[in-house]
Amino acid sequence: TEQAIQELNDSLERRVADRTRDLLMYQENLRGMASELVVTEQRERRRLATELHDYLAQLLVVCRLKLTQARNEWSLPSLKTNLEEIDTIISDSLTYTRTLIAELSPTILYELGLVPALIWLGQQMERHGLHVEVQAGDQSIHLPEDQAIFVFQAVRELLFNIIKHSGINDATVSLDGHADQKIEVLVQDKGQGFQPALGSTDFTNPGKFGLFSIRERAEALGGQFHIQSAPGQGTQAKLVVPLQPGPAPVSPNPAFTESLKPQNQSLPRPSKKNVVRILLVDDHAMIREGIRTLLEHHEDFLIVGEAKNGEEALEMTDLVHPGVVVMDVNMPKLNGIEATKLLAKEHPSVRVIGLSVHEDKQIETLLLEAGATMYVTKGSVASQLVEAIRHVVKQPL
């Protein structure tokens, strides 16, 4: 009898162990599937945002350029009024498209990296009445795309939680890349807080699904997610993720500029005075054509070349010796910010005017820090670019 009981007990223990192992495996599979769903969603968001940026937004910009040309050429008051109304509609459409692109997938995250993206996110939270201070000692933290997306989305979710529940208008986001190969993100507020026993660890509450998703994704990456809070003491959310260094946003090869220095094929420098030699750089042919048409109406402007990315811009600058480069920000191979840095170093006498579909103060700041002289949004090209060019050529070097 004792032997039978022992055998039954052993059998039960084996069954429990098997079930436990199966449940753990099932849980791990679910966690992996959930992580893959999040990544797939973000990739689809990025695809849609890219489609909107590369096609719809550029078409709207070209329409505004064409309308400006039509208003300048046609003198009928009634017709000009109608064209101005159409221009207003297109301007509103372009603003909505920019907003939609930013909400779907922030371009700055993929172009410039996590830290600039978090600074941009903090600025965007001002629209919701939340002032966010972003503290990042190391601006050069670069993560694989999936990790960067996760950290960005987690911080955004936590900031929206502060807006909903904290009862205050200030928050702090701090980012630290540790020497032991992990990245630590703290999102803090000094709001009303809550009782940890009532929910800080109970992520199964439907109202806390976003927090549950953050924890599951963090653990799937080998990291951790914890919340500390107390009534009247505010809340601190701590996210720790293993640091798997990814490629920096497109950066130049140190030997790149040497390989681009002109040989014997460089074109002669211009001898005609008072003519501004302009190089157009944009990966959309329609935009280049629209800007070319706009500028060619002015006798003091000469379009000396076009390029569709930052690398070509550097090559063309060596060949055609422009005085002004009109440079798009979002381009393949070498983006406008990195290309501007190289131009400022190799050709300090060349003025760069940065262009972007996005009305983004962070992008403007980064462009100016890279060496650009001015920044003009593509939605304002028709009304501002001509004067911007004339303004920058008058500035002393």
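With respect to Arg292, is the statement that it is in a helix (DSSP H, G or I), at pLDDT 90 or above and in contact with an Asp or Glu (Cβ under 6 Å, 6 or more places away or on another chain) true?
Against the criterion (in a helix (DSSP H, G or I), at pLDDT 90 or above and in contact with an Asp or Glu (Cβ under 6 Å, 6 or more places away or on another chain)), Arg292 does not qualify.
Can you name every one of the strands (runs of 3 or more DSSP E) wholly within segment 318-397 that holds 1 or more residues which are surrounded by fewer than 18 Cβ atoms within 10 Å (Cβ to Cβ)?
none
Name the residue that is farthest from Pro322 (Cα to Cα), counting only residues in segment 358-380 that are touching a strand residue (DSSP E or B) at 6+ places or on another chain (Cβ under 7 Å) and of a type in the set (A, V, I, L, M, F, W, C).
Within segment 358-380, the subset touching a strand residue (DSSP E or B) at 6+ places or on another chain (Cβ under 7 Å) is 359, 363-364, 367-368, 371-378.
Keeping just the survivors that are of a type in the set (A, V, I, L, M, F, W, C) gives 363, 367-368, 372, 374, 376.
Details: Ile363: 24, Leu367: 19, Leu368: 19, Ala372: 14, Met374: 16, Val376: 19 Å.
The selected residue is Ile363.
Condition test on Gly223, is it closer than 28 Å to Lys190 by Cβ and modelled with pLDDT under 80? Don't jump to the end; show me each part of the working.
Details: closer than 28 Å to Lys190 by Cβ: yes; modelled with pLDDT under 80: no.
Against the criterion (closer than 28 Å to Lys190 by Cβ and modelled with pLDDT under 80), Gly223 does not qualify.
Residues checked against (1) assigned by TED's automatic domain parsing to the domain that holds Arg288; (2) in contact (Cβ under 8 Å) with a residue 40 or more places away in the chain; (3) farther than 22 Å from Val329 by Cα:
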site	(1), (2), (3)
Val16	no, no, yes
Val39	no, yes, yes
Ala49	no, yes, no
Thr81	no, no, yes
Ile86	no, no, yes
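Could you grab the pairs with beta carbons closer than 6 Å, sequence gap of 6+ or different chains, first residue in segment 378-397 and in contact (Cβ under 8 Å) with a residue 60 or more places away in the chain, second one in a helix (DSSP H, G or I) and crowded, with 17+ Cβ neighbours inside 10 Å?
Filtered contacts from segment 378-397: Lys378/Val61; Gly379/Leu94; Ala382/Arg64; Ala382/Leu65; Ala382/Thr68.
Looking only at segment 16-48, how many residues end up being within 13 Å of Phe150 (Cα to Cα) and either more than 38 Å from the chain's Cα centre (by Cα) or not charged (D, E, K, R) (or both)?
Kept after step one, since they are within 13 Å of Phe150 (Cα to Cα), are these residues of segment 16-48: 34-43.
Adding the requirement that they be either more than 38 Å from the chain's Cα centre (by Cα) or not charged (D, E, K, R) (or both) leaves 34-35, 37-40, 42.
The number of residues fulfilling the criteria is 7.
I need the full set of residues from segment 137-152 which are at pLDDT below 85 and not in a loop (DSSP other than H, G, I, E, B), in order please.
Our first condition is that a residue be at pLDDT below 85; within segment 137-152, this holds for 137-146.
Scanning segment 137-152 gives Glu145, Asp146.
Any residue that is free of Cβ contacts under 8 Å to residues at least 12 places away in the same chain, within 26 Å of Arg43 (Cβ to Cβ) and of a type in the set (Val, Ile, Thr) - is there at least one of those in segment 112-127?
No, the conditions are met nowhere in segment 112-127.
The values are calculated or read from the model by the stated rules, or taken from the named source; none is laboratory data. All values derive from a computational prediction rather than experimental measurement. Every residue, glycine among them, receives a Cβ derived from its backbone with ideal geometry; neighbour counts consider all protein chains shown.
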